[in-house]
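Report on the following structure.
The values are calculated or read from the model by the stated rules, or taken from the named source; none is laboratory data. Remember, predicted model here, so these are calculated numbers, not experimental data. Please note: Cβ atoms are built from the backbone with ideal geometry, for glycine as well, and neighbour counts cover all protein chains shown.
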Amino acid sequence: MHSNITKEKPENGEKMSKTLHPLINEKSVHYEKNKKVAIQEAEKLLTVSEMIGTCKFNVFKYEFRKEFKGTLEADEKKIETYKNYLKELEDMLYLSLGHFLVCDAIKITKREWAYRREELMCEQDLFC
């Protein structure tokens, strides 16, 4: 079963609330210092198929070394977030969007990602 990435935007000009991108680590200080988010930049350069390969490699990498690094809990969280993102990408692949850049596939499927916490919208249509 595939996720609801093809879910239509609300009618009457209402704004769809965004979901924080699964690969954003809000606790990392570099997100506050850097104006660009690496995953967002990668989505502009890689196709859906290429990003799937990237995610699969990262899942493998974290699985392979998690017991040796001494950061088991953190690595398991990274594995989970990459797997969640991978599911989204596989849904795009299922819709025959594998050759599209990820950023374009996101637009086509009307998926709304927030790349920073302040991009999330509150129930009252205000920024959090």
Q) When only residues in region 112-128 that are of a type in the set (D, E, K, R) and surrounded by 13 or more Cβ atoms within 10 Å (Cβ to Cβ) count, which is modelled with the highest pLDDT? A) E112
Q. Out of all the residues in region 63-112, which are touching a helix residue (DSSP H, G or I) at 6+ places or on another chain (Cβ under 8 Å) and among the acidic types (D, E)?
A. E63, D75, E76, E90
Q: Answer with yes or no whether Y31 is part of a helix (DSSP H, G or I), modelled with pLDDT under 85 and within 17 Å of Y115 (Cα to Cα).
A: yes
Q) Quick check: anything in region 94-111 modelled with pLDDT under 95, crowded, with 16+ Cβ neighbours inside 10 Å and among the charged types (D, E, K, R)? A) yes
Q | Residues satisfying the stated conditions in region 71-106, i.e. in a helix (DSSP H, G or I), free of Cβ contacts under 8 Å to residues at least 24 places away in the same chain and either among the hydroxyl-bearing types (S, T, Y) or under 18 Å from K44 (Cβ atoms) (or both) | A | D104
Q: Just one of (1) surrounded by 12 or more Cβ atoms within 10 Å (Cβ to Cβ); (2) modelled with pLDDT under 95 trips up S49, so point out which.
A: (2)
